[in-house]
Amino acid sequence: MKPPKPPYGAALKRLLPREINLDPSTLEKYAGDKWFAAHQPDAVARPRSTQSVSRLLRFASRHRIPVTPRGAGHGYVGGCVPVRGGIVLSLERMNRIREINAADFVAVVQPGVITQTLQDAVEALGLFYPPDPASKADSSIGGNIATNAGGPRCLKYGVTRDFVLGLEIVLADGTVARVGGRTHKNKTGFDFARLFAGSEGLLGVITEATLKLIPLPPFRACLAVGFGSMRAAIQTLHVIFKAGFLPCALEVADAFTLAAAYRRTRNERLRGCRAHLIVEIDGQRKSVAWEIRELERLVRRQQPRFIDRGLGLRQCEEIWKIRREFSYSLRDTGLTKLNEDIVVPRGRLEDLFRFAARLQRKHRLQIACFGHAGDGNIHTNVMVDYTEPGARRRSEAALDELFAQIVAWGGSITGEHGIGLAKRRWWPLAVPKEVRELHRAVKQALDPRGILNPGKFV
């Protein structure tokens, strides 16, 4: 049975005749992201210009129609699920790189530009845009900004927000505003560009971004290191920092993740490995060559099971191939992967892995941990077989305990994916009442009719 057409559908089609779709199959396609929730919108808008976005939001504000902004749909928390129906506003057609300026070290892009596409374009000119979410081949710059996406290189270079210099934003009432600029330093008024970065589509719609670029490091080197215990891996991490090194990436994986990766890849290095580190250094060839030798010397003192070294782009990519298999390997288990992107203070990393082991025993669930050890952002995956009696109840109890402990340690319940729908339950635990009120005040000021991405955490 076809869903009824919204009463405003004809008016929308007249407003933006070539940019509105009411087809049921299209509505279903835009009902969710990578999380376990979906809700069909009344209409899908795919504008080609800022002017179209502005006209759409003026119309939606006037008629109090919910609008859910959407990037490429690769989120993991239901952030772009249109839970109140209304209009899904997809920015996918606004996908032009407007400018790459090597003199100013900036790129000006529309929100639908794919992250990898931008990186390839700037690197061809000897420039570098470091943010590297795992989905960079599919995710869009606008979605990255809206969620403040991260990735392995955050340790040295920072997250997406740190590379946003300026934004063109369409506010809920259709007003077009430009915040920030194109200079690498700017202290003129409030830093609104950083406010909108990470706002999850609740405050405005990004229609253009001016991004900071830096010189492309000419050389890379990696170490992949296997250990007999997670404790040895974490101790090695502390040794690296204590010696004064700042890798561009420092990744860790636990025994369950490695066993799953071995079954998928048949990489003999992973057989029986209890913990795994990847350390990457970048910079000038001579300094990187020296640093990687010194790092290898430090790591060997920790008596690892093995060390593999990669020098240069091709060899480093061979080492990173195994890291990119981790999520797929966990899916191969047939269990449902509840991917939680928690963050702990770096000194609590070993405590986190011990706590995850206790949760496994207590709730009879596998928990796979891997991710960005350098900044304490560990993807803690609760693996659930929902065919088992009581599995849902046990998984929810495990997550409640996990988030309570993370907050007690002074950590964060999300470092990359955002709150969306998936973490709304723990929002009051993670954020004090007065700060939640501050969020509501900002939301009320910018979206007084509450039309932007309603039903989420604010």
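Derivation of every value follows stated rules applied to the coordinates shown; laboratory data play no part. Model, not experiment: these values are computed from the prediction. For neighbour counting, all protein chains shown are included, and Cβ atoms are generated from backbone atoms with ideal geometry for every residue, glycine included.
Structural remarks
- The spacing between the range 398-435 and the range 259-289, judged by their C-alpha centroids, is 31 Å.
- Around the Cα centre of the chain, unit charges on the Cβ atoms of Lys, Arg, Asp and Glu (plus for the first two, minus for the last two) sum to a dipole of about 460 debye.
- Which label in (1) 152; (2) 131; (3) 175 gives the computed volume of the Cα convex hull per residue in Å³: (1)
- Taken as Cα centroids, the range 67-127 and the range 165-211 sit 14 Å apart, rounded to the nearest whole angstrom.
- Length-normalised contact order for the chain - Cα pairs under 8 Å, 6+ apart - percent: 15
- Looking at the chain, the DSSP beta bridges with both ends there are about 90 percent antiparallel.
- Rounded to 10°, Cα long-axis angle of helix 391-408 versus longest principal axis of the chain: 80
- Mean shadow area of the range 97-215 over all directions, Cα convex hull, nm²: 7.0
- The chain: angle of helix 285-300 to the longest principal axis, Cα-based, in degrees nearest 10: 60
- Rounded to the nearest 20, the size of the Cβ-charge dipole of the range 334-415 about its Cα centre is 280 debye, with Lys and Arg at +1 and Asp and Glu at -1.
- Under 5 Å between amide hydrogens, built in the peptide plane, is the criterion, and for Gly283 it picks out Phe219 among residues at least 5 positions away or on other chains.
- Residue pairs, from the table Lys34/Lys156; Lys156/Lys185; Lys34/Lys423; Lys34/Lys337; Lys156/Lys286; Lys185/Lys443, whose Cα atoms sit over 22 Å apart: Lys34/Lys156; Lys185/Lys443
- Residue (of Ile240, Phe163, Val407) at the positive-pole extreme of the chain, dipole from beta-carbon charges: Val407
- Kirkwood Rh and Cα Rg combined as Rg/Rh, the range 334-415: 0.96
- Two-decimal ratio, the range 101-140, of alpha-carbon radius of gyration to 2.2 N^0.38 Å: 1.12
- P(r) of the range 9-90 over all Cα-Cα pairs, binned every 10 Å from zero, in whole percent: 20, 54, 24, 2
- Virtual spin-label span in nm between Glu437 and Lys13, 7 Å along Cα→Cβ: 4.9
- Theoretical FRET efficiency, 1/(1+(r/R0)^6), r = Cβ-Cβ of Arg96 and Lys187, R0 35 Å, to 0.05: 0.70
- Acute angle (nearest 10 degrees) that the helix 312-324 long axis makes with the longest principal axis of the chain, alpha-carbon atoms: 80
- FRET efficiency, Val239 to Ala357 (Cβ-Cβ, R0 30 Å, nearest 0.05): 0.85
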